[in-house]
Amino acid sequence: MSTRPIEFRVPVPHVKVPAHPVWPTLDATEKSHLKRRIKELLKANNAILVAHYYVDGDLQELAEETGGCVADSLEMARYGSTTDAATLVVCGVRFMGETAKILNPEKRVLMPDLGATCSLDEGCPADLFREFCDRHPERTVVVYANTSAEVKARADWMVTSGIALPIVRHLHERGEKILWAPDRHLGHYVQQHTGADMLLWEGSCAVHEEFKGFALERLKRLHPEAAVLVHPESPHEVLSQADVVGSTTALIKAVAQLPNKEFIVATDDGIFWKMHQLAPDKKLISAPTAGAGATCESCAHCPWMAMNSLQNLEQVLISGENAIEVAADVRRNAVRSIRRMLDFAAEHNISGALPGR
Ligand code: 13P
Ligand code: SF4
């Protein structure tokens with residue numbers, strides 16, 4: 001492991017974290033009626049749901065019941081091209097919809113709310129990012145999936161949390177120096193575990209940034225048998241206490257496969273739906289997002305992911321609004337960095353899907 005210090009060179013814009021949207025509560029009859037209606041609309045539109053583990057459990061369930069996909073961002077990217085559906089309805093955040101459109105320009109890609117962005121994406125504006133890259137032309141540009149299509153268009157490679165380590169290790173072994181954006185915690189983690197020379201953008205995830213090292217230490221003392229599962233967008237002092245660090249799919253696999261009965265989970269709590277489904281007898285505890293007397297903004301749930309609901313999913317299927325568009329020149333460049341990742345994943349047998357799915 002290398003401990004080379006990280007250099008921060010670009011002042012990253014402040015990202016305002018929105019309040020969680022409040023959706024009208026539905027009783028069981030209303031919910032099942034709405035789900036039935038959405039199923040009919042999906043059929044009528046020849047549409048399929050592609051959902052992330054952080055969205056509401058009802059949306060994940062609906063995606064599974066209708067033959068769609070519930071997955072991490074690596075598998076969501078791969079999945080779109082494997083289905084015959086003419087419309088992909090992406091329940092997640094905007095970069096996931098853009099990636100689906102870039103890879104499947106012939107398909108219609110809809111999202112329940114186009115305002116569902118991501119603090120990493122918003123904290124890495126394309127113009128500033130291009131300037132940063134232009135100042136370091138000798139470096140291979142590797143960007144995290146959580147970026148705009150324009151940022152991907154300036155990159156050599158796109159990676160997700162599920163494949164960042166092997167790709168950067170591969171580039172490092174080829175002698176390449178890396179310019180990494182936008183997540184500094186994931187970048188630091190990858191740098192430590194590969195020893196690669198990495199220049200890091202200073203972005204962060206508003207949700208994972210809030211997990212607290214001290215409070216986690218205390219919680220671990222209360223649950224000494226619990227395994228600690230951490231997404232690599234979390235700060236170093238949280239990552240350093242983890243038993244398992246990995247993508248959302250890797251963390252779900254750990255709950256299903258490890259013998260522990262209790263797990264402390266440092267990632268968005270939307271993931272609990274799938275963890276409970278696969279391991280109903282295991283106890284899941286959210287990692288602390290605030291120390292004594294402190295408050296949290298996102299409180300372990302991404303406010304942008306929360307912008308997806310049964311209600312606005314139905315609306316978008318009726319109206320056909322909220323279609324993702326990516327300009328042709330941006331798409332032409334962005335598709336290279338995404339395809340490189342997918343080709344690497346196929347060649348090295350790396351999958352973001354859960355076993356048997
Ligand atoms: P995964 O690729 O691990 O699903 O992560 C996506 C994400 O946005 C995490 O915050
Ligand atoms: Fe972005 Fe963080 Fe939300 Fe994931 S959890 S979409 S990284 S803000």
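Pulled fully out, how much extra length does the chain show between S81 and H223, if you take 0.36 nm times their separation in residues and subtract their Cα-Cα distance?
On the way: separation 142, 0.36 × 142 = 51.12 nm, distance 4.31 nm.
Result: 46.8 nm gained on full extension.
List the trypsin sites (Lys or Arg not before Pro) within region 127-187 that fall in a DSSP loop (any state other than H, G, I, E or B) and whose Cβ has at most 16 other Cβ atoms within 10 Å. Don't jump to the answer; show the numbers that get you there.
Working: sites: R130, R135, R139, K152, R154, R169, R174, K177, R184; in loops: R135, R139, R174, K177.
Passing both the DSSP loop test and the Cβ count: R135, R174, K177.
Local charge sum around L239 (other residues, Cβ-Cβ under 15 Å, Lys/Arg +1, Asp/Glu -1)? Show your work: numbers first, answer last.
Details: positive: R184, K212, K220; negative: D183, E209, E210, E217, E233, E237, D243.
Computed value for this residue: -4.
Could you tell me the distance between the Cα centroids of region 9-56 and region 286-341, to the nearest Å?
Answer, in whole Å: 10.
Distance from the Cα centre of region 172-237 to that of region 242-285, in angstrom?
18
Between H185, L239, F263, whose Cα lies farthest towards the positive end of the dipole of region 180-333 when Lys and Arg beta carbons carry +1 and Asp and Glu beta carbons carry -1, centred on the Cα centre?
Of the listed residues, the answer is F263.
Compute a Gaussian network model of the chain, connecting alpha carbons closer than 10 Å, and tell me which residue from P18, P288, P166 fluctuates the most.
P18
Kindly list the residues of region 281-317 that lie in the label zone of F214, defined by a backbone N under 16 Å from the point 7 Å along the Cα-to-C-beta vector.
Answer for region 281-317: 288-296.
Note down the Stokes-Einstein diffusion coefficient of region 246-357 in µm²/s, whole number, using a Kirkwood radius over alpha carbon pairs, 20 °C, and 1.002 mPa s. Write out the running numbers ahead of the final one.
Values: Rh = 17.8 Å.
Rounded to a whole number, D works out at 121 µm²/s.
Per the Kirkwood formula on distinct C-alpha pairs, the Rh of the chain is how many angstrom? Mind dumping the intermediate values first?
Working: mean 1/r = 0.0484 Å⁻¹.
Across the chain, the inverse of the average 1/r is 20.7 Å.
Considering only V70, L59, G195, whose Cα is most displaced toward the positive end of the charge dipole of region 39-198, charges sitting on Cβ of Lys, Arg (+1) and Asp, Glu (-1)?
G195
How many percent of the alpha carbon pairs in region 3-115 exceed a separation of 20 Å? It would help to have the intermediate numbers written out before the result.
Working: 3110 of 6328 pairs.
For region 3-115, the fraction of Cα-Cα distances above 20 Å is 49 percent.
Charges only on Cβ, +1 for Lys and Arg, -1 for Asp and Glu: so what's the dipole of region 125-254 about the Cα centre, in debye to the nearest 20?
Details: 14 positive and 18 negative charges, 50 e Å.
The dipole magnitude comes to about 240 debye.
State the cysteines of the chain left without a partner when partners are defined as other cysteines whose beta carbon lies under 4.7 Å away.
Isolated Cys, the chain: C69, C91, C118, C124, C133, C205, C302.
Read the figures in this text as sums done on the coordinates, not as results from a lab. Keep in mind that what you see is a predicted model, and the values were worked out from it rather than measured. Counting neighbours? That spans all protein chains shown, and the Cβs are built from the backbone with ideal geometry, glycine included.
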